[in-house]
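Beneath this line is the structure, given in C-alpha cells, with notes to follow.
The values are calculated or read from the model by the stated rules, or taken from the named source; none is laboratory data. Please read all numbers here as calculations on a predicted model, not as lab measurements. Using ideal geometry, Cβ is built from the backbone for each residue, glycine included, and neighbour counts are taken over all protein chains shown.
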C-alpha cells in the first residue's frame with residue numbers, strides 16, 4: 001500500500017491503512033463497514049459480539065489528543081472499535097478488556113513516551129501479542145503506532161522504555177518482565193507508523 005506522507009493527518013494515515021487491508025480468511029470481511037444511512041455515532045454504539053479494531057494506548061499521553069481523534073475517525077467510517085474509556089482499573093475492567101481483545105480482529109498499539117510505565121498497558125500488549133501469535137490463519141493484524149517515540153527505543157527497550165522497565169523490575173515484577181520484554185520486541189518489529197514530534201501534532 002502507498003500512502004502519501006504529509007498529505008493526511010496522523011489518524012487519517014492509520015485509517016487509510018486499515019481500509020485497504022485484505023479480507024479475513026474466515027466468515028466476515030476484515031472490516032465490517034455499515035451500509036445503512038444511520039450516523040456514525042449510532043453505528044459505534046450498536047451492541048455486537050466482535051470488534052473490528054482494539055486500540056491499546058496510554059491514557060495520560062494520548063487520550064485527549066491523538067487517540068481520541070483516531071477513535072473518532074474510525075467511528076465516522078463505521079469501523080466498530082473498542083477503546084477503554086474507564087480511568088479507574090480493576091479486575092472487572094480487566095476481564096472486560098481481555099474479552100474485547102479476544103473478540104477483535106485488528107489491534108492498534110499506540111506506543112507513546114509513557115506507555116511502558118503502565119503495567120496495565122504492558123499486560124494488555126501481552127494479551128494482544130498472544131492472540132496474534134496463536135492465530136494461524138492471518139486473520140488478525142497488529143499495527144504499532146509510534147507516537148512521538150522512536151521505534152528503536154521500544155524494540156531495544158531504551159530511553160523512556162528502558163527506564164520504565166527498570167523501575168518495574170525494582171518493584172519486584174520479575175515474573176512478568178520476560179513477557180513484557182518479548183511482547184514489546186515482537187510488536188515493535190511489525191510494520192506500522194512512526195509519528196515523529198517534528199512532523200505531527
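Residue pairs whose Cβ atoms lie under 7 Å apart, separated by 6 or more positions or on different chains, with the first residue in the stretch 50-78 and at positive phi and the second at pLDDT below 90, are 78/33; 78/34; 78/40; 78/43.
Residue count for the stretch 147-181 under the criterion of being under 18 Å from the mean Cα position of the chain (by Cα) and farther than 26 Å from residue 70 by Cβ: the result is 2.
Each row is one residue, and each column tells you yes or no for (1) in contact with a helix residue (DSSP H, G or I) (Cβ under 6 Å, 6 or more places away or on another chain); (2) more than 19 Å from residue 62 (Cβ to Cβ); (3) at pLDDT below 95; (4) surrounded by 21 or more Cβ atoms within 10 Å (Cβ to Cβ).
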| site | (1), (2), (3), (4) |
| --- | --- |
| 111 | yes, no, no, yes |
| 120 | no, no, yes, no |
| 138 | no, yes, yes, no |
| 154 | yes, no, no, yes |
| 158 | no, yes, no, no |
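Taking the stretch 71-84 as the search range and keeping residues that are in contact with a strand residue (DSSP E or B) (Cβ under 7 Å, 6 or more places away or on another chain) and in a helix (DSSP H, G or I), which one is modelled with the highest pLDDT? Ranking the qualifying residues of the stretch 71-84, first place goes to 71.
Here is a yes/no grid of residues against (1) outside any helix (DSSP H, G or I); (2) modelled with pLDDT under 90; (3) touching a helix residue (DSSP H, G or I) at 6+ places or on another chain (Cβ under 6 Å); (4) more than 20 Å from residue 140 (Cα to Cα):
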site: 44; (1), (2), (3), (4): no, yes, yes, yes
site: 69; (1), (2), (3), (4): no, yes, yes, yes
site: 86; (1), (2), (3), (4): yes, yes, yes, yes
site: 89; (1), (2), (3), (4): yes, yes, yes, yes
site: 93; (1), (2), (3), (4): no, yes, no, yes
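Of the residues making up the stretch 179-201, those that are more than 15 Å from residue 56 (Cβ to Cβ) and modelled with pLDDT under 95 are 191, 194, 195, 196, 197, 198, 199, 200, 201.
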